[in-house]
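A.B. asks: Pasting a structure below so you can have a look.
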Amino acid sequence: MNSILKLASGLVLSTFAVGELSAQWNIARTDGPRNFAYASFGMDPALVASAGYVRTVPVFGHAFELGGEAGIVAAGWDARDFRARAQVRTSLLHLGLFRIVGSAAFVARGTENTLHRAFNFGSDFTGNAGLYSRRWFLAGEFGFDKAIITHLTHTDWYRRNVYAGAKDGWYLTGGGTFHYGVTGGIAIGPAEIAVRAGLLRTEDFNELASPIYSSATVGFRF
């Protein structure tokens with residue numbers, strides 16, 4: 001049953017490339033306008049569209065970015081396949097252009113397919129290290145997304161063809177995914193354009209059905 005649950009949770013995670021399609025932006029520009037709104041598009045393997053808002057909040061002279069994001073599969077705009085995130089992000093180390101950036105997110109997502117309907121709560125922790133100037137940035141990233149608790153409702157097809165004794169309900173620690181790659185972007189006035197690309201692996205470092213992720217983000221500060 002554990003292997004079945006991990007397979008199902010993996011399908012939920014891969015619906016939105018885990019947290020990988022969450023937008024990136026230039027943290028070196030937090031001393032400017034405090035509001036940032038953006039749209040992000042990515043492939044993994046379907047086209048996923050997301051929109052979000054970020055507010056820079058100073059705490060004891062240190063800038064924290066607090067934001068929220070929501071996305072759906074763009075093919076057919078199917079709201080049954082969705083993801084929402086609440087995130088905090090900040091610079092952990094700043095030496096000239098070099099920065100180490102850390103982010104933590106609470107994630108909710110759902111999907112519906114031939115096997116099941118699933119709803120999941122999880123977390124994502126990601127670190128970036130690279131060069132950040134006010135006009136551009138280039139960094140590597142590494143993160144881990146964990147499905148903390150998942151609710152599964154199995155379909156009749158699943159019970160007939162896969163496992164007749166499947167039980168609906170909440171399951172803990174369904175699975176996790178590592179993501180690692182590169183990200184970069186440029187700023188033109190209040191606008192920012194950024195891209196991300198990388199690889200996905202399960203928490204056991206096995207390949208997923210879709211082993212890569214990529215996304216592009218366009219945002220504006222105001």
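No value in this document is a laboratory result; all are computed from the given coordinates. Just so you know, these numbers come straight off a predicted model, no measurement behind them. With ideal geometry, Cβ positions are generated from the backbone for all residues, glycine too; neighbour counts draw on all protein chains shown.
A.B. asks: Relative to the first principal axis of the alpha-carbon coordinates of the chain, what is the inclination of helix 2-15, with its axis defined by its Cα atoms, in degrees from 0 to 90 and to the nearest 10?
C.D. replies: So the helix axis and the longest Cα principal axis differ by about 40 degrees.
A.B. asks: What number results when the radius of gyration of segment 58-145, computed over Cα atoms, is divided by 2.2 N^0.38 Å?
C.D. replies: Numbers: Rg = 16.5 Å, N = 88, 2.2 N^0.38 = 12.1 Å.
So segment 58-145 has a normalised radius of gyration of 1.37.
A.B. asks: Which order, highest average first, do 145-157, 57-69 follow once you tally other Cβ atoms within 10 Å for each residue and take the mean per peptide?
C.D. replies: 145-157, 57-69
A.B. asks: Obtain the nm distance between the two label points defined at S133 and F220 by a simple spin-label model: each point lies 7 Å from its Cα along the Cα-to-C-beta direction.
C.D. replies: With each label point 7 Å from Cα toward Cβ, the separation is 2.6 nm.
A.B. asks: For every helix of n ≥ 4 consecutive DSSP H residues, a contribution of -39,500 (n - 2.57) applies; sum these over the chain, divide by its total residues, and give [θ] at 222 nm rounded to the nearest 500 deg cm²/dmol. Don't skip to the end; give the middle numbers.
C.D. replies: Details: 2 runs with 20 residues, N = 222.
Value at 222 nm, helices only, nearest 500: -2500 deg cm²/dmol.
A.B. asks: Let me have the relative contact order for the chain, percent, based on Cα pairs under 8 Å that are six or more residues apart.
C.D. replies: For the chain, the relative contact order is 20 percent.
A.B. asks: What is the distance, in nm, between label points placed 7 Å from the Cα along the Cα-to-Cβ direction at L92 and at V57?
C.D. replies: In this crude spin-label approximation the distance works out to 2.1 nm.
A.B. asks: Another question about this same structure. For N113 and I148 in one chain, what is 0.36 nm times their gap in residues minus the Cα-Cα distance, to one decimal in nm? Before the final figure, lay out each step's value.
C.D. replies: Values: separation 35, 0.36 × 35 = 12.60 nm, distance 2.07 nm.
Between N113 and I148, full extension yields 10.5 nm more.
A.B. asks: A further question on this structure: Sort 184-192, 159-167, 24-32 by the packing proxy (mean of other Cβ within 10 Å over each peptide's residues), most packed first. Before the final figure, lay out each step's value.
C.D. replies: On the way: 184-192: 15.7, 159-167: 11.4, 24-32: 19.8.
Peptide ranking by packing, descending: 24-32, 184-192, 159-167.
A.B. asks: For segment 2-221, what is the Kirkwood hydrodynamic radius in Å, using each pair of distinct C-alpha atoms? Mind showing how you got there, number by number?
C.D. replies: Working: mean 1/r = 0.0560 Å⁻¹.
Taking every pair of different Cα atoms in segment 2-221, averaging 1/r and inverting gives 17.9 Å.
A.B. asks: If each residue of separation counts as 0.36 nm, what is the full-extension length gain between W170 and A191 once their alpha-carbon separation is subtracted? Write out the running numbers ahead of the final one.
C.D. replies: Working: separation 21, 0.36 × 21 = 7.56 nm, distance 4.24 nm.
Residue separation times 0.36 nm, minus the Cα-Cα distance, leaves 3.3 nm.
A.B. asks: Please order F82, F98, F222 by the number of other Cβ within 10 Å, starting at the fewest.
C.D. replies: Working: F82 19, F98 12, F222 9.
Listing F82, F98, F222 from fewest to most nearby Cβ atoms yields F222, F98, F82.
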